1. State which residue pairs qualify: first residue modelled with pLDDT of 75 or more and inside segment 47-67, second residue small (Gly, Ala, Ser) in any location, beta carbons under 8 Å apart, and separation of 6 or more residues or different chains.
2. Just checking, does segment 36-43 include any residue being of a type in the set (Ser, Thr, Tyr) and surrounded by fewer than 13 Cβ atoms within 10 Å (Cβ to Cβ)?
3. With the structure loaded, tell me whether ASP2 is of a type outside the set (Ser, Thr, Tyr), modelled with pLDDT of 95 or more and out of contact with any Ser or Thr (no Cβ under 8 Å at 6 or more places or on another chain) or whether it fails that test.
4. Counting only residues that are more than 19 Å from PHE62 (Cβ to Cβ) and either surrounded by 18 or more Cβ atoms within 10 Å (Cβ to Cβ) or of a type in the set (Ser, Thr, Tyr) (or both), how many does segment 1-35 have?
5. I'd like the full set of residues that are touching an Asp or Glu at 6+ places or on another chain (Cβ under 8 Å) and closer than 15 Å to ASN52 by Cβ, limited to segment 14-40.
Amino acid sequence: MDDRDPLRAALLRAADELVAGHRLSDRTWRDLTARYPTGQIIEICLLAGVLNSLGVQIEDGFAAPDRAGGAVT
């Protein structure tokens, strides 16, 4: 997927928000509901939470989310 892809951007934003603030913003929820049913969005949240709790490391070249909810560049 291209980094400019709106769906990819929404998924990455969701992961950042869930790791940093443990919740999705209204904007991210709205963007995800345009493509996914509620059940799948809940699965996205659960997957992000599980991976975060397992201490999965961020790959080289990617910014870690800050605790304010955005990505650290």
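The values are calculated or read from the model by the stated rules, or taken from the named source; none is laboratory data. Predicted model, so just to flag it, every value in this text is computed and none were measured. Counting neighbours? That spans all protein chains shown, and the Cβs are built from the backbone with ideal geometry, glycine included.
1. ALA48/ALA14; ALA48/ALA15
2. yes
3. no
4. Qualifying residue count for the region: 5.
5. Step one: of segment 14-40, the residues touching an Asp or Glu at 6+ places or on another chain (Cβ under 8 Å) are 20, 23-25, 28.
Of everything in segment 14-40, those that are touching an Asp or Glu at 6+ places or on another chain (Cβ under 8 Å) and closer than 15 Å to ASN52 by Cβ turn out to be ALA20, ARG23, LEU24.
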